[in-house]
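Notes follow the structure.
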Amino acid sequence: MQTLARELNLSESSFVFPPEEGSNGLARVRIFTPNSEMEFAGHPTIGTAYVLCALDRVPAGATTFVLDENIGPVPIRLERRADPFIAWLRTPPITFGATYDRELCARALGLEPADLYRDLPARVAGAGNPFLFVPLRDRAAVDRAQLDLRALERAAPTFGANGVFLFAPVDGGAYSRMFAPMSGIWEDPATGSATGPLGAYMVEYGLLEKRDGARFVSEQGTKMQRRSLIHGLLHVRDGAVETVEIGGGAVKVIDAEVTMR
């Protein structure tokens, strides 16, 4: 699987197996970047749901099912099976981690401290996969960013994250980019596994209303001419973000057959 993922050289490749004994899941899914296996990833999870529907592996009339990933069960909710296909996943539990010197992080992105958004921190957050979130003041700053990996190592010596997620707050959500050379992906056009933590970060620092049912959109990949719109839906209970649903569409790009020798 790792060899094939490296050969395909996509941001992620998912491999689908029958459910393991005793599981209530529809399928067992393992996801690989060109460099390593992941605990969880959003975009390939939605893509896998699309393929299972297209192959009639999802029972007729079913609107929910579970995919078993390394992180554990990932619930899927189908909004539309086709024309267009739209599905949502519930993220694993979201946690916050270390904060780092925001000015050093800005410089590691080829930017100036004035390009940062207010006084918000550069902070790690994740739902299975941790990312370093760096808030910037506007779209132009996001588009100008160029990651210097050595400078990042100096800015965040105990990094321990899958990538750097930079974003500018915009009406209704965020304008985003994500660099992950440490995962074999210089820039990712769409990062579903980072969008749930993005919503939690925005709630934590007052950029998004903490309200059950609140929605937001992350526009990502525009700078690299592969624009994606990833939708988020907050589930709030007892005054806290319990989980985030991440949703979007998927389309078939190509069919292929691989012969392993």
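The values are calculated or read from the model by the stated rules, or taken from the named source; none is laboratory data. Everything numeric here is computed off the predicted structure, so don't read it as measured data. As a convention, Cβ positions derive from the backbone with ideal geometry for all residues, glycine included, and neighbour counts pool all protein chains shown.
Numbers below:
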| quantity | calculated |
| --- | --- |
| So Pro181, is it modelled with pLDDT under 95 and either touching a helix residue (DSSP H, G or I) at 6+ places or on another chain (Cβ under 9 Å) or under 14 Å from Leu111 (Cα atoms) (or both) | yes |
| Residue within the range 208-224 that is among the basic types (Lys, Arg), at pLDDT 90 or above and closer than 14 Å to Pro189 by Cα present | yes |
| Scan of the range 144-186 for residues that are buried (at least 20 other Cβ atoms within 10 Å of the Cβ), over 19 Å from the mean Cα position of the chain (by Cα) and polar (S, T, N, Q), ordered by number | none |
| Odd one out for Arg28 among (1) part of a loop (DSSP other than H, G, I, E, B); (2) of a type in the set (D, E, K, R); (3) touching a Phe, Trp or Tyr at 6+ places or on another chain (Cβ under 6 Å) | (1) |
| Qualifying residue in the range 160-167 (condition: farther than 19 Å from Gly232 by Cβ and modelled with pLDDT under 95) | yes |
| Some residue of the range 84-101 being modelled with pLDDT of 95 or more, in the same structural domain as Arg227 (by TED's automatic domain parsing), more than 28 Å from Gly213 (Cβ to Cβ) and of a type in the set (D, E, K, R) | yes |
| Qualifying residue in the range 189-204 (condition: of a type outside the set (Val, Ile, Thr), surrounded by fewer than 21 Cβ atoms within 10 Å (Cβ to Cβ) and at pLDDT 95 or above) | yes |
| Residues (surrounded by fewer than 21 Cβ atoms within 10 Å (Cβ to Cβ), within 27 Å of Val244 (Cα to Cα) and not acidic (Asp, Glu)) located in the range 117-140 | Tyr117, Arg118, Leu120, Pro121, Arg137, Arg139 |
| Yes/no for Phe96 being surrounded by fewer than 20 Cβ atoms within 10 Å (Cβ to Cβ) and aromatic (Phe, Trp, Tyr) | yes |
| Matching residues in the range 22-35 - criterion: being under 18 Å from Pro181 (Cβ atoms), crowded, with 20+ Cβ neighbours inside 10 Å and not aromatic (Phe, Trp, Tyr) | Thr33 |
| Sole residue being in the same structural domain as Met224 (by TED's automatic domain parsing), of a type in the set (A, V, I, L, M) and touching a Gly at 6+ places or on another chain (Cβ under 9 Å), chosen from Ala106, Ala127, Ala122 | Ala127 |
| Condition met for Arg177 (assigned by TED's automatic domain parsing to the domain that holds Leu229 and either of a type in the set (Phe, Trp, Tyr) or more than 21 Å from Arg137 (Cβ to Cβ) (or both)) | no |
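Conditions (1) of a type in the set (S, T, N, Q); (2) buried (at least 21 other Cβ atoms within 10 Å of the Cβ); (3) under 22 Å from the mean Cα position of the chain (by Cα); (4) closer than 22 Å to Ser183 by Cβ, marked per residue:
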| position | (1), (2), (3), (4) |
| --- | --- |
| Glu20 | no, no, no, no |
| Glu37 | no, no, yes, yes |
| Thr48 | yes, yes, yes, yes |
| Leu55 | no, no, no, no |
| Pro75 | no, no, yes, no |
